Amino acid sequence: MRIWSEKYPNSIRLIDDMIENCEVILGVKLPDEFINILKTQNGGYIDDFVIDKEDVVITELFGIYFNDENPTILDSAYLTKEWNLPKGQIIISGDGHTWITLDYSSSTDPKVRCLDLERNKNKVIGESFSAFLSQLKRMV
């Protein structure tokens, strides 16, 4: 499935050393499917997607960057503290009101969760990253 928007290509290439360093810093093993998507393009805008039967819109994925101004999953600890989010979350998308996370709070195999702060909703939107991807529908 092609997800990346052609409007805003990203030029920061993801290499294995970056992935390994990121996983050490975060203390988790990232899902292979997530890494494969970031190897195609290391974060940025995606085509607008919605989760079928859910009120969740996703327009970007955070990449793995060191010394960059773009949002990165390495900002997860800061954003979790700043927005008082549940522990064990690796943030892969969000805007301050709604966050999409890899939830490692109860397993080393993360679920994908939507944390909607405006509506005070916290729900699983994928039992795995692969299941999350399979639910994405392009907005028309």
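So for Val50, Val112, fewest C-beta neighbours within 10 Å to most, what's the order?
Exposure proxy ranking, most exposed first: Val50, Val112.
If contacts are Cα pairs under 8 angstrom and at least 6 residues apart, what is the relative contact order of the chain in percent?
19 percent
Note down the magnitude of the dipole of region 16-138 about its Cα centre, charges +1 on Lys and Arg C-beta and -1 on Asp and Glu C-beta and zero elsewhere, to the nearest 20 debye.
The dipole of region 16-138 has a size of about 480 debye.
Classify region 80-140: rounded, prolate or oblate, from the alpha-carbon gyration tensor (a ≥ b ≥ c, eigenvalue square roots; a/c under 1.5 rounded; otherwise prolate if a/b is larger than b/c)?
Since a/c reaches 1.5 but b/c is at least a/b, the shape of region 80-140 is classed as oblate.
Which of the peptides 117-126, 17-26 is most tightly packed, and how do the rest follow, going by the mean number of other Cβ atoms within 10 Å of each residue?
Descending mean neighbour count gives 17-26, 117-126.
Give the long-range amide H neighbours of Leu14: residues separated by 5 or more places, or on another chain, with amide H under 5 Å away, using H modelled in the peptide plane at 1.01 Å from N.
Residues meeting the criterion, in which the H sits 1.01 Å from N, are Asn42.
What is the spread of the Cα atoms of region 16-138 along each of their three principal axes, largest first, in whole Å?
That gives 38, 30, 29 Å along the principal axes, largest extent first.
Which value at 222 nm does the chain reach when only helices count, each DSSP H run of 4 or more adding -39,500 (n - 2.57), with the total divided by all residues and rounded to the nearest 500 deg cm²/dmol?
After summing the helix terms and dividing by residue count, I get -6500 deg cm²/dmol.
A short reminder: the numbers here are calculations on the coordinates, not readings from a lab. Everything numeric in this text was worked out from a predicted model, so none of it was measured. Cβ atoms come from the backbone with ideal geometry, glycine included; neighbour counts cover every protein chain shown.
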